[in-house]
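These notes concern the structure reproduced below.
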Amino acid sequence: MKVLILGAGAVGLSLAARLSDYCDVHAVCRQRHADAIAERGLVLTGLWGEGTHHFSASEEVPAGERYDYIFITSKALATRAICEQFADVIKDTETVSLQNGIGNEEIIAGYTDRVIGGTIITGFEWRGDARVHVSVVGGPMKLGRFPDGPDQKVEALVALVEQAGVPVEGSDHIKGDLWAKTLYNSSLNPLGALMNVPYGKLLHPMPWGIIEHVVREAYAVMDREGVRVPWKTADDYLAYLHDVQVPSTAEHHASMLQDIMHGHLTEIDFMNGEIAARARKYELDAPYNDCITRLMHFRESLLEQ
């Protein structure tokens, strides 16, 4: 089996490392990582195992090659650009979005009719060029035909990822899994970044009051789209977020904060921005998600000054 990973940063290179012992993998990544992999391999440490892995990597897809599966693991901001750049390779190929936010799968569907959605709740930390440490595993990777239902191609991919030692499950409603992750990210990530606090501080009544509205607006959109998540009502999810998810990640700082600190744009448009955009489509009100999106864009604009 041949697997291509596009937009391979810490997530994609770690996945390539684990898969490399069980299939033919090529990762499209930054040249400095490709050079390090060619010289000594990718060094992986932490919860996905300790070792050095050798596989093909470069800034381009090898000419004339075709693949059984393609993973896109970039920031959501880069999804369309990657699809445009590699449109000939993606066409008619099983393509997996393993990214944050809502809307990546719909973009990919413009380039192939074989779209697989994926979620991953795992912490990856750079320890140097082509050196990655896996620090947190919050649950299994989930893979499913987008928007609904498993099939043989998905099942074969799940089996391959499982063989490679990565916790994974097939999903018969991956759209719901994507929204479940987005509920968490859109509730905590932008507020943690804007206020420069770890997630535990967001249990204070003032930010928590904002989070309640963010979640209720998201549930109104999910209801219109027929999305199913494990929590039947917004109140059910808010209780789980307050009592389980926030306490378990109380000291965690938002990835959006890390983006801002490194001078990078954030994925806000694929989280709160997408909730607000879909609310407008259904003629629903989503002022809290819209306001947070605008505030984050303002924060990003300061990076240019």
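The values are calculated or read from the model by the stated rules, or taken from the named source; none is laboratory data. Everything numeric here is computed off the predicted structure, so don't read it as measured data. Cβ: placed from backbone, ideal geometry, glycine included. Neighbour counts: every protein chain shown. Please note that ligands, DNA and RNA were not included when accessible areas were found on the heavy atoms of the full protein model with its side chains. Shrake-Rupley method; radii C 1.70, N 1.55, O 1.52, S 1.80 Å.
Taken over segment 107-129, residues that are touching a strand residue (DSSP E or B) at 6+ places or on another chain (Cβ under 6 Å) and in a loop (DSSP other than H, G, I, E, B) amount to 5. Of Ser97, Ser74, Ser135, all but one fail to be without any contact (Cβ under 8 Å) to a residue 60 or more places away in the chain and of a type in the set (Ser, Thr, Tyr); the exception is Ser97.
When Asp285 is tested against (1) at pLDDT 95 or above; (2) buried (at least 18 other Cβ atoms within 10 Å of the Cβ); (3) not polar (S, T, N, Q), exactly one condition is not met: (2). Looking at Thr119, Thr112, just one residue is among the polar types (S, T, N, Q), open to solvent by less than 50 Å² (accessible area, probe 1.4 Å) and touching a residue at least 40 places away in the same chain (Cβ under 8 Å), and that residue is Thr119.
Just so you know, in segment 1-34 the residues that are open to solvent by less than 20 Å² (accessible area, probe 1.4 Å) and touching a His at 6+ places or on another chain (Cβ under 7 Å) include one that is farthest from Thr122 (Cα to Cα), and it is Leu4. Restricting attention to segment 168-197, which residues are closer than 15 Å to His213 by Cα, among the aliphatic types (A, V, I, L, M) and touching a residue at least 60 places away in the same chain (Cβ under 8 Å)? Result: Leu188, Leu191.
Scanning segment 137-159 for residues that are assigned to a helix (DSSP H, G or I) and under 20 Å from Ile121 (Cβ atoms) yields a count of 3. Which one is farthest from Pro150 (Cα to Cα), of the residues in segment 179-200 that are open to solvent by 10 Å² or more (accessible area, probe 1.4 Å) and in contact with a Gly (Cβ under 8 Å, 6 or more places away or on another chain)? Filtering first and then ranking leaves Pro198. Which of the residues belonging to segment 62-106 are part of a loop (DSSP other than H, G, I, E, B), open to solvent by 20 Å² or more (accessible area, probe 1.4 Å) and under 22 Å from Tyr184 (Cβ atoms)? Scanning segment 62-106 gives Lys75, Asn100.
Could you check segment 36-53 and list, in sequence order, the residues that are outside any loop (DSSP other than H, G, I, E, B) and exposed (fewer than 15 other Cβ atoms within 10 Å of the Cβ)? Residues satisfying the conditions are Ala38, Glu39, Arg40, Gly51, Thr52. Once segment 259-280 is narrowed to residues that are in a loop (DSSP other than H, G, I, E, B) and open to solvent by less than 40 Å² (accessible area, probe 1.4 Å), the residue that is nearest to Leu178 (Cα to Cα) is Met271. With respect to the conditions (1) of a type outside the set (Asp, Glu); (2) in contact with a Leu (Cβ under 6 Å, 6 or more places away or on another chain); (3) crowded, with 19+ Cβ neighbours inside 10 Å; (4) in contact (Cβ under 8 Å) with a residue 40 or more places away in the chain, Val215 falls short on a single one, namely (4). Taking Ser74 as the residue in question, decide whether it is of a type in the set (S, T, N, Q) and in contact with a His (Cβ under 8 Å, 6 or more places away or on another chain). Spelling it out, it is not the case that Ser74 is of a type in the set (S, T, N, Q) and in contact with a His (Cβ under 8 Å, 6 or more places away or on another chain). Are any of the residues in segment 224-234 open to solvent by less than 10 Å² (accessible area, probe 1.4 Å), under 14 Å from Thr182 (Cα atoms) and of a type in the set (A, V, I, L, M)? No, because not a single residue in segment 224-234 is open to solvent by less than 10 Å² (accessible area, probe 1.4 Å), under 14 Å from Thr182 (Cα atoms) and of a type in the set (A, V, I, L, M).
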